[in-house]
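The block underneath contains the structure these notes are about, expressed in structure tokens.
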Amino acid sequence: MRLLFFVYLPLLLCVCSYSHASTGFSSYGEHSSRFEQRKLYQDLIYLIKTNQRSKYLAKESQLLNYPLYPYLEYTDKIYRISRQSEDGVMAFVEQHQDTPLADQLLKNWLFSLAKRGQWKTFLAHYSESGATETNACYHAYALYKNNLLKEAMALAQNLWLVEHSQPDSCDPIFKVWRDAGHLTPDLAWQRYSMALMANNVTLSNYLHRFLSKQDKLLASNFKLAHTKPRYITQTKRYSKNSGYITQVISHGIKRLARSDPDKALDTLKLYEDIHSFSQQELEDVYTYVAVRLARKPKSVHRLNQITVDVTSNQELVEAQLLTSLKQLKWSDALIYLHLLSDEIQQTDRWQYWKARILLGSEDFQDRQAANNIYAALAKERSFYGFMAADYLKQDYNFEDESISVSDEQILALEATPGIQRALELLVLNERTRARREWNFTTSEFSVRELQIAARVAKKWGWYEQAIRAMIQAAAWNDLDIRFPLAFHDSFIAGARTADIPVDWNLAIARQESAFMPDARSPVGALGIMQLMPTTAKQTANKAGLVSPSKSDLTDPYTSIRIGSAYLGQMLRRFNFNRILASAAYNAGPGRVESWRDESLPLDVWVETIPFSETRSYVMNVLMFSTIYSRKLHQKTPLIYDHERRFFSSQQVTTSQPSQPDNS
């Protein structure tokens, strides 16, 4: 059971406070300083990894009281995993249940057992909870080797029916399963279609060999419709009836609708006369096409040809609403707004637009209602709240409420074993392990403990964990923690060199990575400023900086310096308009150039940015900039006047509704 941090308060009487450990001078033993312990720890890890175990054993007892001693034990066992006895592994697991190491060692030991064919022992200790995919595959094979055939075959089928590639450890059980005749044509098709619809074309190519002879031609046409959607317009190619033909056509129509919804609609109507679709299939594909038509102003009129109710689907209603805004058809927009669910209508987003539309009404009561909505919104700390405050010419309501935490509470939490281990790993720059230890230790914290943990993380310059802890605690109004002035000197230097606002620079980093130095995105962006390696090299070259390696981009100073330079390039490319430059930083300057439309009001342009991720990104960055401006003792508006002037003059300019004419 996890022990609450206050259990360790008495330790403060005999253990130096961890707050002093960051200086390297605190002592955890009569003859050994923390600095020396860290050095010895790293030396012993090296001895383990270089197979100098006798030297390691001669010194490891010197670190018995060092917080990372469990990691020393773990590393020693991992490098000798095949020699570990069942009793030895289970003793470690039992002793270190309060660390993430217990589960990690068990998973690695199970993997070792499987590689050595010790299936009975594997089954005795395997648990589905938190199991790796590799061990899950070995589990199915272990069941087979222990003559639990029914369970093994059922699990093999479950492992088969996934849209991604399984690890090589699944190959033995898949072969047994196939050889036993369990791979039916339908199961082969199911996985092939799952892979293709998940855009895993490489896997679908591999799976093609398992399809029945009669399904292979259709599968090839399926892939054509996926990779080259125009092929779906060749109705003769897809005219032959089969059990899967409507699935293939539906997918092809959806793929085509992404680029040409008009052609997709025409093609779908042709197929309706050729094949018998289920009602659910038709409703699904028509709705998909309708949403794409609604997002295309020149095609929105074709929604009357859609054979499903275009007013009942919330995604479709929202698409029509946004298109009406983009066309500046306020009455239509208001109609669609009222078709949204009551819950959605009450969000800041749609309350703002309701007020925005009502302001154009000739009815005094409508305009008064709009002002009342803006007055309520202006109390909120959000993009729409700040927009409303600008309209009303009011100061922004930052709702800044720092949560009180005492030094004693911070010291007490720092003295707990799990937090000590996490902070030690952080000092040693083992950031992945540090995060794992921190997250494990704080996973069952109360709200109050999370608030204190956030203060500890901030104190140690571990900004992303401080922000994360406050989010977990739902402490939304503690702006001191949620919006730290992280790497302050580097951001100021970067902003000055690139000639960009420092508050905007900080806001971008806060949105991109929450100041996580080793952040890595799924697409390969790296570091605090989330730079793609190619972009970073090009930017560095233009700015006269040293071309960075991938590892360089995880260094805060380098990331901030190059990221600031790139922001400067975007800001100047878009005429010092942070709105467009922010969108370009997220989605790429080429896309933003194609999205530019000076005929639209500013708020309409932002609201109708084609990518929802970029839309939220721009709104957050603008709002975050005002928060950072305040923290820097400046007063930056949400939108500068020169940024407003780039867009249409159809802006709200007065906060006082005109009085009704009673003459």
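Here GLN511 clears all of (1) of a type outside the set (Phe, Trp, Tyr); (2) over 30 Å from ALA469 (Cα atoms); (3) touching a residue at least 12 places away in the same chain (Cβ under 8 Å) except the condition numbered (2). Give the residues of region 285-325 that are open to solvent by 50 Å² or more (accessible area, probe 1.4 Å), over 21 Å from SER612 (Cβ atoms), touching a residue at least 12 places away in the same chain (Cβ under 8 Å) and in a helix (DSSP H, G or I), sorted by residue number. GLN305, the sole residue that qualifies. Of all residues in region 135-151, those being part of a helix (DSSP H, G or I), open to solvent by 40 Å² or more (accessible area, probe 1.4 Å) and out of contact with any Gly (no Cβ under 9 Å at 6 or more places or on another chain) number 5.
Is region 152-166 home to any residue that is assigned to a loop (DSSP other than H, G, I, E, B), modelled with pLDDT of 95 or more, open to solvent by less than 40 Å² (accessible area, probe 1.4 Å) and not acidic (Asp, Glu)?
Applying the first criterion (assigned to a loop (DSSP other than H, G, I, E, B)) to region 152-166 yields 161-166.
Next cut, modelled with pLDDT of 95 or more only: 161-166.
Applying the additional criterion that residues be open to solvent by less than 40 Å² (accessible area, probe 1.4 Å) yields 162, 166.
Right, trim to not acidic (Asp, Glu) and you get 162, 166.
Checking region 152-166: at least one residue is assigned to a loop (DSSP other than H, G, I, E, B), modelled with pLDDT of 95 or more, open to solvent by less than 40 Å² (accessible area, probe 1.4 Å) and not acidic (Asp, Glu).
Take SER443 and tell me if it is without any contact (Cβ under 8 Å) to a residue 60 or more places away in the chain, of a type in the set (S, T, N, Q) and within 30 Å of ALA543 (Cα to Cα). Please lay out each step first, then the result.
On the way: without any contact (Cβ under 8 Å) to a residue 60 or more places away in the chain: yes; of a type in the set (S, T, N, Q): yes; within 30 Å of ALA543 (Cα to Cα): no.
Spelling it out, it is not the case that SER443 is without any contact (Cβ under 8 Å) to a residue 60 or more places away in the chain, of a type in the set (S, T, N, Q) and within 30 Å of ALA543 (Cα to Cα).
Flag set for SER513, criterion: within 23 Å of ASP489 (Cα to Cα) and open to solvent by less than 30 Å² (accessible area, probe 1.4 Å).
Tell me, which residue of region 128-143 that is hydroxyl-bearing (Ser, Thr, Tyr) and within 28 Å of the chain's Cα centre (by Cα) is nearest to ALA180 (Cα to Cα)?
If we take residues in region 128-143 being hydroxyl-bearing (Ser, Thr, Tyr) and within 28 Å of the chain's Cα centre (by Cα), then THR134 is nearest to ALA180 (Cα to Cα).
Any residue at all in region 178-195 that is open to solvent by less than 70 Å² (accessible area, probe 1.4 Å), within 28 Å of ALA264 (Cβ to Cβ) and aliphatic (A, V, I, L, M)? Taking every residue of region 178-195 in turn, at least one turns out to be open to solvent by less than 70 Å² (accessible area, probe 1.4 Å), within 28 Å of ALA264 (Cβ to Cβ) and aliphatic (A, V, I, L, M).
The lone criterion from (1) in contact with a Lys or Arg (Cβ under 9 Å, 6 or more places away or on another chain); (2) open to solvent by 10 Å² or more (accessible area, probe 1.4 Å) left unmet by THR99 is number (2). If the condition is being assigned to a loop (DSSP other than H, G, I, E, B) and open to solvent by less than 40 Å² (accessible area, probe 1.4 Å), then region 63-79 contributes TYR66, PRO67, LEU68. Restricting attention to region 487-540, the residues that are at positive phi and of a type in the set (Gly, Ala, Ser) total 3.
Rundown of residues vs (1) surrounded by fewer than 19 Cβ atoms within 10 Å (Cβ to Cβ); (2) under 24 Å from ASP478 (Cβ atoms); (3) free of Cβ contacts under 8 Å to residues at least 60 places away in the same chain, yes/no style:
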site: GLN351; (1), (2), (3): no, no, yes
site: ALA375; (1), (2), (3): yes, no, yes
site: GLU401; (1), (2), (3): yes, yes, no
site: ALA412; (1), (2), (3): no, yes, no
site: ALA422; (1), (2), (3): no, yes, yes
site: LEU428; (1), (2), (3): yes, no, no
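For region 342-384, filtered to residues that are assigned to a helix (DSSP H, G or I) and of a type in the set (D, E, K, R), the residue that is farthest from ASP400 (Cα to Cα) is ASP366. Test each condition in (1) part of a helix (DSSP H, G or I); (2) open to solvent by 10 Å² or more (accessible area, probe 1.4 Å); (3) aliphatic (A, V, I, L, M) for ALA474 and report the one that comes out false. Going through (1) part of a helix (DSSP H, G or I); (2) open to solvent by 10 Å² or more (accessible area, probe 1.4 Å); (3) aliphatic (A, V, I, L, M) one by one, ALA474 breaks only (1). Taking every residue in region 98-114 that is within 20 Å of GLU444 (Cβ to Cβ) and pairing it with any residue that is modelled with pLDDT under 95 and open to solvent by 10 Å² or more (accessible area, probe 1.4 Å), at least 6 positions away or on another chain, the pairs with Cβ-Cβ distances below 8 Å are ASP98/ARG2; ASP98/LEU3; ASP103/GLY130.
For region 547-596, filtered to residues that are more than 21 Å from GLU613 (Cβ to Cβ) and outside any helix (DSSP H, G or I), the residue that is most open to solvent (accessible area, probe 1.4 Å) is LYS550. Does ASN221 satisfy the condition of being part of a loop (DSSP other than H, G, I, E, B) and touching a residue at least 24 places away in the same chain (Cβ under 8 Å)? The answer is no for ASN221. Within region 388-399, if we keep just the residues that are out of contact with any Pro (no Cβ under 8 Å at 6 or more places or on another chain) and among the charged types (D, E, K, R), the residue that is least open to solvent (accessible area, probe 1.4 Å) turns out to be GLU399. Checking the stated criteria, GLU128 turns out to be charged (D, E, K, R) and at pLDDT below 95. Of THR441, THR432, all but one fail to be open to solvent by 50 Å² or more (accessible area, probe 1.4 Å) and of a type in the set (S, T, N, Q); the exception is THR432. Given the structure, is LEU57 modelled with pLDDT under 50 and assigned to a helix (DSSP H, G or I)? Spelling it out, it is not the case that LEU57 is modelled with pLDDT under 50 and assigned to a helix (DSSP H, G or I).
Being farther than 30 Å from ALA422 by Cα, crowded, with 20+ Cβ neighbours inside 10 Å and of a type in the set (S, T, N, Q) is true of SER169. Put simply, of SER648, SER616, SER629 the only residue that is touching a Ser or Thr at 6+ places or on another chain (Cβ under 6 Å) and open to solvent by 10 Å² or more (accessible area, probe 1.4 Å) is SER648.
The values are calculated or read from the model by the stated rules, or taken from the named source; none is laboratory data. The structure presented is a predicted model; accordingly, all values stated were derived computationally and were not measured. Heads up, the Cβs are rebuilt from the backbone with ideal geometry, glycines too, and the neighbour counts pull from every protein chain shown. Ligands, DNA and RNA are stripped out before the accessible areas are found, and what is left, the full protein with its side chains, is counted by its heavy atoms. Shrake-Rupley method; radii C 1.70, N 1.55, O 1.52, S 1.80 Å.
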